[in-house]
Structure formats: structure tokens, C-alpha cells
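One structure is given here, and the rest of the page talks about it.
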Amino acid sequence: MAIIAQLSDIHLAAGRDGEVDDASGPVRALRAAVSSLLSLPARPDAVVLTGDLADGGLPAEYARLHALLSPLPMAVYPMAGNHDDRDALRAAFNDEPAVRESGIEPQAPLQYAVDVAGVRLVCCDTTVEGRPHGHMGEERLAWLDATLSNAPGMPTIVATHHPPFPIGIRFIDDMRFIDPTGFTAVLAQHPQVVRVISGHVHRAAVGSLGGTVGTTCPSTYRQLFLDLTRPGRAAVTGEPAGFAVHLVTTEGAATTHFIPTGNYRPLMDVE
Ligand SMILES: [Fe+2]
């Protein structure tokens with residue numbers, strides 16, 4: 001069974017001096033998330049970062065991010081969100097071959113596929129230069145279709161920053177994945193896709209699309225309040241930060257857990 005952890009919407013931010021302050025909220029939150037992840041009795045095989053990793057898309061932010069993730073002994077696969085600069089992100093994580101090889105052309109989409117303990121992880125790029133919403137045009141969809149066609153027998157997780165289903169919080173739906181019908185049509189051709197995992201929403205949600213299930217991930221930093229009434233505005237809430245852990249068997253059974261960040265220990269054994 002593959003265990004794939006998902007950290008999302010880290011929003012590491014440099015200050016006016018161009019440096020990322022160690023005492024800043026996103027840094028402390030990321031350290032806590034990494035510590036929580038490492039305290040799990042079953043260590044994940046890989047970690048995927050589903051975008052909005054840096055708040056300003058600055059090289060200094062990605063350098064700091066890379067350093068803060070260095071306690072993780074497993075492979076870490078970064079993806080771009082609407083706050084990210086994909087070339088700066090790619091440059092900081094070029095020790096990962098799949099990341100490095102995705103960017104032979106400048107500003108090429110940050111999209112690649114990797115194998116994790118017998119399960120395939122396909123990282124898509126839904127970002128649109130200079131805009132907050134998501135979209136996958138014909139070229140990116142053709143890449144996804146070809147990539148999925150390469151390994152039809154392998155259970156597969158497809159990852160996106162923007163979720164391809166509506167969330168209900170208008171602030172998020174106003175910067176949604178525009179016209180995901182092409183995306184869902186590609187997935188419909190590839191029944192080995194057992195889960196679509198996304199970020200962007202800053203809270204856990206589950207949706208259905210075509211023949212599969214989509215999930216969104218809490219932010220390691222700030223959570224959005226579940227307010228379905230306010231047009232164009234959203235509120236940050238004090239709900240616990242967290243991350244997701246996806247379990248996928250080689251037969252294709254998929255289970256997603258959402259874990260609040262914190263120093264939780266078993267309290268007592270139950271028989
Ligand atoms: Fe986002």
C-alpha cells in the first residue's frame with residue numbers, strides 16, 4: 001500500500017527585507033505540520049505539496065521552504081498554485097528529477113508523473129499566469145491523457161491546485177477551475193484514477209466528478225470559514241490547520257484521512 005501525505009497552501013511569505021522570518025505564522029505552522037507528519041507511526045512514502053507554497057512567488061521563499069521541508073526523509077513533490085511562480089519553484093526543487101525535467105522550456109507547466117510504492121501520482125498544473133483561477137487548456141489536457149495512457153494498469157492519484165468541482169464558498173468558487181469538463185472527460189477515459197486531490201480551498205471537502213472522488217486539503221497555515229452566504233469575501237477561521245494522508249492499495253482501493261496539526265499521542269489502548 002502506498003501512503004501519500006499532502007501538504008497544501010503553505011503561503012510562506014518574505015517580509016519587507018526579502019527574508020522569511022522564522023517567527024512568522026506560516027513558518028511555525030509548517031514546522032508543526034512536518035513534525036506531526038513525522039510522528040505518524042506509519043511513515044508516508046512521499047509528500048505532495050498542492051500549491052500556494054509561497055505567498056509572493058519569490059526565490060527566497062522557495063529556498064526557505066525547501067530548507068524547512070528538509071527533515072522529511074521521503075520524496076517531496078511540489079506543485080504550483082495561483083500564488084506561485086513556477087520557474088522559481090522549479091529552480092528551488094530541482095534536486096527532484098521529475099521537477100527538473102518538467103521545465104526544459106521556461107514557464108513550461110509544472111506537470112509530471114512519479115511512481116510511489118506501486119501507485120502513480122500525476123501532478124497537473126492548473127495555474128493561469130497572473131490570474132487566481134485555474135484552467136487546463138488543450139495542451140495540458142493532451143499531456144494528462146497521454147500520461148494516463150502510459151500506465152493504464154496502475155492505480156493513480158491525479159493532483160491539481162484548483163479543485164475541479166464547486167466548493168460553495170463564493171470567494172473560492174469565484175477563482176475556481178474554469179470549465180473542468182475537458183478534465184473530467186479525460187479522467188472518464190482512465191478508470192485507474194482512484195482519487196483527485198486538490199488544494200486552494202484551505203479546508204477539507206469531498207466532491208464527486210465523473211467516476212471518481214475528489215478531495216481538498218486543509219492549509220498547513222490558515223483555514224477558511226464555511227460561510228456560503230457572502231459574495232466575493234471570505235473569512236479566515238481558527239479551525240485547526242492540518243494535512244491529508246491518502247492510502248492507496250495496489251488493487252486501487254483509496255482512503256483519505258484528514259489530520260489536524262498537533263502533538264497528538266495515543267491516550268490509552270482500547271481493547
Ligand atoms: Fe490558491
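Read-outs throughout are calculated quantities, based only on the coordinates presented, and are distinct from any laboratory measurement. Bear in mind that the values here come from a model prediction, so they are computed numbers and not experimental data. Reconstructed Cβ throughout: ideal geometry from the backbone, glycine too, with neighbour counts over all protein chains shown.
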Reduced to Cα centres, the span from segment 205-253 to segment 106-142 in Å works out to 19
Of N263, C123, H11, which is farthest on the positive side of the dipole of the chain, counting Cα position, with +1 on Lys and Arg Cβ, -1 on Asp and Glu Cβ, and the Cα centre as origin? N263
Treat the count of other C-beta atoms within 10 Å as a stand-in for reagent exposure and order I178, I172, I259 from fewest to most. I178, I259, I172
Tell me which trypsin sites (Lys or Arg not before Pro) from segment 1-33 have a DSSP coil assignment and no more than 12 other beta carbons within 10 Å of their own. R16
I'd like the FRET efficiency for M1 and N263, computed as 1/(1 + (r/R0)^6) with the beta carbon distance as r and R0 of 30 Å, rounded to 0.05. 0.70
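Evaluate the charge dipole of segment 58-142 about its Cα centre and quote only its size in Debye, nearest 20, assuming +1 on the Cβ of each Lys and Arg and -1 on the Cβ of each Asp and Glu.
200
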Residues L89, L72, L267 arranged by fewest to most Cβ contacts within 10 Å: L267, L72, L89
Among I10, I157, which comes first, then next, by fewest other beta-carbon atoms within 10 Å? I157, I10
Gain on full stretching of the segment that runs from L228 to D22 - 0.36 nm per residue minus C-alpha separation: 70.7 nm
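How large is the helix-only mean residue ellipticity at 222 nm for the chain, computed as the sum of -39500 (n - 2.57) over DSSP H runs with n ≥ 4, divided by its residue count, in deg cm²/dmol to the nearest 500? Before the final figure, lay out the partial values.
On the way: 7 runs with 60 residues, N = 271.
Helix-only estimate at 222 nm: -6000 deg cm²/dmol.
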Assigning unit charges at the beta carbon (Lys, Arg +1; Asp, Glu -1) and nothing else, what dipole magnitude in debye, to the nearest 20, does the chain show about its Cα centre? 540
Answer with one residue from H246, V20, P180: the one whose Cα lies farthest towards the positive end of the charge dipole of segment 2-260, charges on Cβ with Lys, Arg +1 and Asp, Glu -1. H246
Reciprocal mean inverse distance between Cα atoms of the chain - Kirkwood radius, Å: 18.6
